[in-house]
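**Student:** First the structure, which I've put down as structure tokens, then a few questions once you've had a look.
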Amino acid sequence: MRKGVNTVFQKKIDEIRRYKLAYLLITPACIIGFLVLIFPLLDAIYLSFFNVRIRGVNTFVGLKNYIDFFQSDWSLTALKNTAVWTVCSTFGQFLLGLATALLLNQPIKGRGLFRGIALIPWVTPAVAATATFSWILNDQFGIVNYILLNLGIIKEPVLWLGISLAMPTVIFTNIWKGFPFVMVILLAGLQGIDKAYYEAAEVDGATVWQKFSYITIPQLKPMINVAVLLSAIWNFRYFTLIFTMTEGGPGTATEVLVTLQYKNAFKYLTLGYGSAIGIVIFAFVLVFTLLYYRILRETIKF
Amino acid sequence: MTSKRKKAISLTAASLVVSLVVLLTGLTEQALPQKKVMLAFWQTVEHGRAPLAIMHKEMIEAFEKEHPDIHVSLVMMPFKGFYPKLMTVIEAGVAPDIFRLGAVEQTVPFDAIKGMLYLDDRFEKWEIKDDFYECGLEACRNLEGKLTGIPKDLDTRILYYRKDWLMEAGYLEPPKYWDELLDVAQKMTRDTDGDGKIDQWGIGIPGGKGWDCWIYGQQFIASNGGFILTPDSRRAAINSPEAQEGFQFAVDLLRKYHVAPPGTPTYMGRDVEKLFVHNKVGMLIETGAWFLGVLEEEAPQLPKEGRVGYATLPQVKGKPPVYFLGVHSVNINKETPCPDEAWEFVKFYLSDKWQYEYAVIRGEPARISTFDVGIFKTEPYRPYREQMPYARGPRKTVHWLAITDILITRMQEALSGKITAKEACAVMEKEINELLKR
């Protein structure tokens, strides 16, 4: 056994020697990756067990920060809002992304131009987008209410960013912002589907819906799984849009875990509690990713 | 690996290192003027951005002319994110020598991280020390009473009102008390174009998630004799009868009396100013002196035609007047290698000329004598001057920013009708007490 372990170890050493230059060249990236990703994560885990005082003495509090988190109404509201925000945004981006990809896969004139236009929301900086949407949706001066009032569709200005509609509004904005990402992935998938399948289906007299259900979706499944997974992870931890549009308000209507974490860590400077929220976010994303990958292991191919 | 390849890699690596060293040395040489004391000064970009930047630039040029051995490097940055950045650099030991703080809410937290030089001794020797409003100096003192900074501008809010609308409401004088305020607001709230919908309201209220909402709530609580915290700042006092009544009235203006637009819970301070400028609301009760600049820029005809009036904020009959105070201070980094030079800069910054120039842009001077000069003698500044003796900031705690957010959040929920004002006060009491325990 010991001889076997030594052999494996020796083989590894030989491999490293043989590819010395390659290992040397990837070392800086690994160091940066460790410093930027792994070290902060480990530090956050460590800090989450302390009451952190800047330039003071940190006090070990064990699981208190986590207990406080799960006992706080505000945190539980943020958790609930995060679930709603993630599920609805991901679903909306998927539907709109799929619909756009299907349309842009058709052999229409100016397809290249339309594909470019469809990418505009994705490339627009989030801050610029949210500032614009905030004004478009302003109840007194916004163009949406102006048009709807003049068309007689509404009788009173709608409070799009009021307490009842703020969450649907930010979700809508996020769907608009993020659907091109899904569209690009699915479009690539659609272009990889062999046309012979559709031709065979045509010969058999399949309807459009049947072709979509029995050919397009099964063939697209690996791309759908990747797009949904990445989209969900992205939305779960997406900070900029909600923070710049509503800062989690009005009240706690759009408070999500990442905005709560930001405020606690960087505004109130309760770094221990903020770190605990960060670890909770990390844990949720990790568990979701592992479960998702496990369930769909056979269909995800990288 | 061949020896040629080894040589090539070694040569490349050596060249890179040498180039980096030369570059850094060169940059450093260029950046630092020879034999000069370097002071770094951080200031936020706020209301009156361009004029503020120009004023600071001119002030620094004048200072450097008087002190040729000192070079001041100014960094102006957006208010959002300023304090986390400042905390980070203080923690890292690379903080600027001089920086600005919102004294009321930041003095205690920044003192807790030992970020500021105490200025008591230097201040005592300063010839103009008696020319500062005591309320401003008090805000700059830490929990032990040590002076951590010098106030450079004060911030109370006054009543801006439409004189023409006031007369239509049957009043010759602006409202002095809450009941008059309500009556005027109700009379100003009406349908002006006969379509059956209210399109003009009495009051603009900043109910959005921002600092102005906090001040709005605080003002009514303070006017009624209420406090957010107990005198020792260890427990919440927001659920006391006085605080509750003040909070209730602030909420009722929208929820019960409907004298503010329905979109109020989404309006920031800037949105409310726009409502006034565009003839949607007749009174503003939470706006500072910078609004004069906004009026001049966006609706100059209103003050020119005498249609804008300025008054002290309405108070509660039978109770002493209280005006909520904000203070901006200039502070010196505790670890600055040049405390004397930094103090010279602070004194220059707050000298007669530059205090005036600064206050003209920002709002209200921190020095008493500045109110006797130039535009501060004019009518718009009269109420600010009258309010000063009764201005006070909140009780001090390291948790101000979190408490502010709690108040703003529950105020928004109450203004939106999600909870009642009474429920909001009870929830705030619970949340503040939990926070203070942490």
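**Student:** Here are some conditions: (1) of a type outside the set (A, V, I, L, M); (2) more than 10 Å from chain B (Cβ to nearest Cβ); (3) buried (at least 21 other Cβ atoms within 10 Å of the Cβ); (4) more than 23 Å from A:Arg115 (Cα to Cα). A:Lys177 meets all but one. Which one does it not meet?
**Tutor:** With respect to (1) of a type outside the set (A, V, I, L, M); (2) more than 10 Å from chain B (Cβ to nearest Cβ); (3) buried (at least 21 other Cβ atoms within 10 Å of the Cβ); (4) more than 23 Å from A:Arg115 (Cα to Cα), A:Lys177 is out only on (4).
**Student:** Looking at A:Glu247, A:Glu255, which is the one that is touching a Ser or Thr at 6+ places or on another chain (Cβ under 8 Å), assigned to a loop (DSSP other than H, G, I, E, B) and free of Cβ contacts under 8 Å to residues at least 40 places away in the same chain?
**Tutor:** Exactly one residue qualifies, and that residue is A:Glu247.
**Student:** Can you name every residue in segment B:135-168 that is in contact with a Gly (Cβ under 8 Å, 6 or more places away or on another chain) and in a loop (DSSP other than H, G, I, E, B)?
**Tutor:** Hits for segment B:135-168 are B:Cys140, B:Thr156, B:Arg157.
**Student:** Looking at B:Asp232, B:Asp212, B:Asp199 in this structure, which one is touching a Ser or Thr at 6+ places or on another chain (Cβ under 7 Å) and either farther than 26 Å from A:Gly249 by Cα or modelled with pLDDT under 95 (or both)?
**Tutor:** Selected residue: B:Asp199, the only one of B:Asp232, B:Asp212, B:Asp199 that is touching a Ser or Thr at 6+ places or on another chain (Cβ under 7 Å) and either farther than 26 Å from A:Gly249 by Cα or modelled with pLDDT under 95 (or both).
**Student:** Take the residues of segment A:247-265 that are at positive phi and surrounded by 24 or more Cβ atoms within 10 Å (Cβ to Cβ): which is farthest from the other protein chains (Cβ to nearest Cβ)?
**Tutor:** Among those residues, the one meeting the criterion is A:Gly248.
**Student:** Continuing with this model, one more query. Considering only segment A:142-164, state which residues are more than 10 Å from chain B (Cβ to nearest Cβ) and either assigned to a helix (DSSP H, G or I) or closer than 15 Å to B:Pro261 by Cβ (or both).
**Tutor:** A:Ile143, A:Val144, A:Tyr146, A:Ile147, A:Leu148, A:Asn150
**Student:** Same structure again: Check A:Tyr273, A:Tyr293 and return the single one that is within 10 Å of chain B (Cβ to nearest Cβ), farther than 15 Å from A:Ala83 by Cβ and assigned to a helix (DSSP H, G or I).
**Tutor:** Matching residue, one of A:Tyr273, A:Tyr293: A:Tyr273.
**Student:** Let me ask something additional. Just checking, how many residues over segment B:364-386 are small (Gly, Ala, Ser) and buried (at least 18 other Cβ atoms within 10 Å of the Cβ)?
**Tutor:** So the answer is 1.
**Student:** Still on this structure, I have one more. I need the full set of residues from segment B:78-112 which are within 8 Å of chain A (Cβ to nearest Cβ), among the hydrophobic types (A, V, I, L, M, F, W, C) and either surrounded by fewer than 19 Cβ atoms within 10 Å (Cβ to Cβ) or touching a residue at least 60 places away in the same chain (Cβ under 8 Å) (or both), in order please.
**Tutor:** B:Ile90, B:Ala112
**Student:** List pairs: first residue in segment B:251-270 and under 16 Å from A:Leu137 (Cβ atoms) and within 13 Å of chain A (Cβ to nearest Cβ), second residue in a loop (DSSP other than H, G, I, E, B) and polar (S, T, N, Q) anywhere in the structure, Cβ distance under 6 angstrom, at least six positions apart or on different chains.
**Tutor:** Taking only residues 6 or more apart or on different chains, the pairs are B:Pro265/B:Ser416.
**Student:** When you go through (1) crowded, with 19+ Cβ neighbours inside 10 Å; (2) more than 22 Å from the chain's Cα centre (by Cα); (3) more than 14 Å from chain A (Cβ to nearest Cβ); (4) in a helix (DSSP H, G or I) one by one for B:Gly202, which number turns out not to apply?
**Tutor:** The single condition B:Gly202 does not satisfy is (4).
**Student:** Here is a further query. Please determine, by comparing only the residues of segment A:115-128 that are out of contact with any helix residue (DSSP H, G or I) (no Cβ under 6 Å at 6 or more places or on another chain) and not in a loop (DSSP other than H, G, I, E, B), which one is nearest to the other protein chains (Cβ to nearest Cβ).
**Tutor:** A:Ala128
**Student:** Here's a follow-up. Would you call B:Leu154 within 22 Å of B:Tyr323 (Cα to Cα), among the aliphatic types (A, V, I, L, M) and in contact (Cβ under 8 Å) with a residue 60 or more places away in the chain?
**Tutor:** Considered against the rule, which asks whether it is within 22 Å of B:Tyr323 (Cα to Cα), among the aliphatic types (A, V, I, L, M) and in contact (Cβ under 8 Å) with a residue 60 or more places away in the chain, B:Leu154 comes out as yes.
**Student:** Return a yes/no flag: does segment A:93-102 have any residue that is without any contact (Cβ under 8 Å) to a residue 12 or more places away in the chain, surrounded by 12 or more Cβ atoms within 10 Å (Cβ to Cβ) and under 25 Å from A:Val170 (Cβ atoms).
**Tutor:** So far as segment A:93-102 goes, yes, one or more of its residues are without any contact (Cβ under 8 Å) to a residue 12 or more places away in the chain, surrounded by 12 or more Cβ atoms within 10 Å (Cβ to Cβ) and under 25 Å from A:Val170 (Cβ atoms).
**Student:** In addition: With respect to A:Asp139, determine if the residue is charged (D, E, K, R) and within 14 Å of chain B (Cβ to nearest Cβ).
**Tutor:** Yes; evaluated as a whole, the condition is true for this residue.
**Student:** Going by the conditions given, is B:Thr148 out of contact with any His (no Cβ under 6 Å at 6 or more places or on another chain), among the β-branched types (Val, Ile, Thr) and either within 14 Å of chain A (Cβ to nearest Cβ) or within 28 Å of B:Ala414 (Cα to Cα) (or both)?
**Tutor:** Here the answer is no, as B:Thr148 does not meet what is asked.
**Student:** Search segment B:395-429 for residues being assigned to a helix (DSSP H, G or I) and free of Cβ contacts under 8 Å to residues at least 12 places away in the same chain, and hand back the single one that is farthest from the other protein chains (Cβ to nearest Cβ).
**Tutor:** Selected residue: B:Glu423.
**Student:** Taking B:Ala311 as the residue in question, decide whether it is in contact (Cβ under 8 Å) with a residue 12 or more places away in the chain, crowded, with 21+ Cβ neighbours inside 10 Å and of a type outside the set (D, E, K, R).
**Tutor:** So B:Ala311 does not fit the description; no.
**Student:** Here is a further query. Taking segment B:271-295 on its own, how many of its residues are within 12 Å of another protein chain (Cβ to nearest Cβ) and either in a loop (DSSP other than H, G, I, E, B) or free of Cβ contacts under 8 Å to residues at least 40 places away in the same chain (or both)?
**Tutor:** Final tally of qualifying residues: 5.
**Student:** What is the one condition in (1) within 14 Å of another protein chain (Cβ to nearest Cβ); (2) modelled with pLDDT under 95; (3) part of a helix (DSSP H, G or I) that A:Met167 does not satisfy?
**Tutor:** Single failed check for A:Met167: (2).
The values are calculated or read from the model by the stated rules, or taken from the named source; none is laboratory data. Everything numeric here is computed off the predicted structure, so don't read it as measured data. Please note: Cβ atoms are built from the backbone with ideal geometry, for glycine as well, and neighbour counts cover all protein chains shown.
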